[in-house]
Structures are given as C-alpha cells and as structure tokens.
Amino acid sequence: MIGKIEKAKIYAAERDERIHFQSLQVSILGENDATHQVKYDDGHWDCDCNYFVSHQVCSHTMAMERILGSMVELGVPA
C-alpha cells in the first residue's frame with residue numbers, strides 16, 4: 001500500500017503531464033442562486049446557461065478551464 005500511495009503522490013504532482021479529462025459534468029452555483037450544468041466531452045464544452053447558447057463560451061466554462069488548466073483542451077466550443 002505504501003508504494004501505491006507514493007505513486008499516487010507522483011501522479012498528482014505531475015498532473016499536467018499525466019492527467020487529461022475526456023469527459024466530466026459539474027454543477028456550478030452562479031449568481032442569483034442559479035445552478036448551471038457544465039459538461040466537457042472529448043474536447044468540447046457545453047453549459048445550460050443562456051449566454052453559452054449564443055456565444056459557445058461563458059463564465060462557467062471559462063471557470064472550469066481555469067480550474068482544470070492543461071488537463072483539458074481550452075476554448076473548443078461544442
């Protein structure tokens with residue numbers, strides 16, 4: 001088990017080189033207590049907010065890009 005813990009620490013420390021998201025879905029609590037569903041699938045973002053529908057990017061998807069960094073492709077609209 002000690003070896004597995006050490007390996008996990010290495011993976012976490014080298015996350016930009018080792019970890020790349022293929023898909024995920026999160027809920028983001030926005031302004032006015034509105035919850036938005038943000039999805040990332042195979043390099044494409046989607047959000048259920050009105051702004052995303054017309055611009056293919058929004059504060060919710062940009063926040064996730066900032067959080068995940070190089071573990072996802074940036075700015076690839078759905």
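A few comments on the model shown:
- Estimated [θ] at 222 nm from DSSP helical runs (n ≥ 4, -39500 (n - 2.57)) normalised by residues in the chain, nearest 500: -11000 deg cm²/dmol
- Candidate cross-link partners of LYS7 among the aspartates and glutamates, defined by an alpha-carbon separation under 18 Å and a same-chain spacing of 8 or more, comprise ASP16, GLU17.
- Degrees separating the helix 2-13 axis from the principal Cα axis of the chain, which is the longest one: 40 degrees
- Net length gained if the chain between ILE2 and ASN50 were fully extended (0.36 nm per residue, minus Cα distance): 12.5 nm
- Distance between the C-alpha centres of the stretch 1-33 and the stretch 47-74: 18 Å, rounded to the whole angstrom.
- Å² per residue, accessible surface of the stretch 1-45 at 1.4 Å: 83 Å²
- Cα centre as origin, Lys/Arg/Asp/Glu Cβ charges: the stretch 1-71 dipole, Debye: 380 debye
- Taking all protein chains together and rolling a 1.4 Å probe, ASP16 ends up with roughly 80 Å² accessible.
- Angle between the chain longest axis and helix 59-68 axis [Cα atoms, degrees, rounded to 10]: 10 degrees
- When LEU24, LEU29 are compared by accessible area of protein heavy atoms, the largest-first order is LEU29, LEU24, using a 1.4 Å probe.
- Here the calculated FRET efficiency for ALA63 and ILE19, from their Cβ-Cβ distance with R0 = 25 Å, stands at 0.85, rounded to the nearest 0.05.
- Solvent-accessible area assigned to carbon and sulfur over the chain amounts to 54 percent, based on a 1.4 Å probe.
- Spacing of the modelled spin labels on ASP41 and SER27, each 7 Å from Cα toward Cβ, amounts to 2.0 nm.
The values are calculated or read from the model by the stated rules, or taken from the named source; none is laboratory data. Keep in mind it's a predicted model, so treat the numbers as computed, not measured. Cβ sites come from the backbone with ideal geometry, for glycine too, and all protein chains shown count toward neighbours. The accessibility values were calculated without ligands, DNA or RNA, using every heavy atom of the protein model including side chains. Shrake-Rupley method; radii C 1.70, N 1.55, O 1.52, S 1.80 Å.
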